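Worksheet: one structure, shown below.
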Amino acid sequence: MQLVVARIGRAHGIKGEVTVEVRTDEPELRLGPGAVLTTDPAGIGPLTVETGRVHSGRLLLRFAGVKDRTGAEALRNTLLISDVDPEERPEDPEEFYDHQLVDLDVVLADGTEIGRITEITHLPSQDLFIVERPDGSEVMIPFVEEIVTSVDLTEQRAVIDPPPGLIDDSQAVVASTRDDEAKDQD
C-alpha cells in the first residue's frame with residue numbers, strides 16, 4: 001500500500017535542500033536517509049533521501065542527485081509516497097493511518113448512525129473526517145479527542161460526541177450576536 005508521507009515545499013539555500021510538509025506521524029522512519037520514495041507526479045521520482053535535518057521547526061531534506069537550488073525548485077509541490085505493508089500499524093495505539101479510517105461507520109454513543117468516512121483531510125491545525133451521510137450529504141467532523149471519543153478498527157466504527165450544530169444545523173446554538181447585544185443595551 002502506498003501512503004503520501006510529505007509534500008515538497010520551496011528550496012532552502014543553494015545546496016539542493018527543500019522544505020517538506022510532513023504528512024506522517026513517523027517522519028524519522030519514512031523520511032530518513034536512505035529512504036526511497038515514489039512521487040506524484042511519477043516522472044520526478046523515485047527520490048532517495050540523502051540527508052535530513054530540522055531547521056527553525058521545519059524538516060529539510062536533500063535528495064540524491066539534487067545538488068543545487070534549481071534542482072530543488074524543480075521538485076516543488078511534489079508528493080512523496082512511501083510503500084507500507086497494509087497490515088502495519090503505528091506504534092502508538094491512538095494513531096491511525098488514513099487507510100484504516102476510510103470506510104469506518106460513524107455513530108453517536110447511543111448507536112445512532114451518522115454516516116461513513118469517505119476521506120481524511122489534513123489541515124495545519126487538525127485533521128477532518130469527511131463523512132457521507134445516508135442521504136448522500138457530507139459533514140466534516142474534526143478528528144479531535146473531544147469529539148471523536150473512540151475508534152474501533154475491529155468493529156469498523158468511530159464513535160463521536162459532537163457539539164450542538166455540528167451534525168444537525170437546527171441544533172446550533174449561537175453564543176452571542178451583535179444584534180442581541182445591541183437590543184440589551186437599549
I'd like the residue in the range 1-31 that is open to solvent by less than 50 Å² (accessible area, probe 1.4 Å) and acidic (Asp, Glu) and, out of all such residues, is modelled with the lowest pLDDT. GLU26
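Let's see how each residue does on (1) of a type in the set (A, V, I, L, M, F, W, C); (2) on the phi > 0 side of the Ramachandran plot:
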{"site": "ARG76", "(1), (2)": "no, no"}
{"site": "ILE81", "(1), (2)": "yes, no"}
{"site": "VAL84", "(1), (2)": "yes, no"}
{"site": "HIS99", "(1), (2)": "no, no"}
{"site": "GLY115", "(1), (2)": "no, yes"}
{"site": "LEU123", "(1), (2)": "yes, no"}
{"site": "PHE129", "(1), (2)": "yes, no"}
{"site": "SER137", "(1), (2)": "no, no"}
{"site": "PHE143", "(1), (2)": "yes, no"}
Out of the range 107-118, which residues are hydroxyl-bearing (Ser, Thr, Tyr) and surrounded by 11 or more Cβ atoms within 10 Å (Cβ to Cβ)? THR118
Do we have any residue at all in the range 57-66 that's out of contact with any helix residue (DSSP H, G or I) (no Cβ under 7 Å at 6 or more places or on another chain) and open to solvent by 90 Å² or more (accessible area, probe 1.4 Å)? yes
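The values are calculated or read from the model by the stated rules, or taken from the named source; none is laboratory data. Keep in mind the model is a prediction, meaning the values are calculated, not measured. Using ideal geometry, Cβ is built from the backbone for each residue, glycine included, and neighbour counts are taken over all protein chains shown. Areas reflect the complete protein model, heavy atoms only, side chains present, ligands, DNA and RNA absent. Shrake-Rupley method; radii C 1.70, N 1.55, O 1.52, S 1.80 Å.
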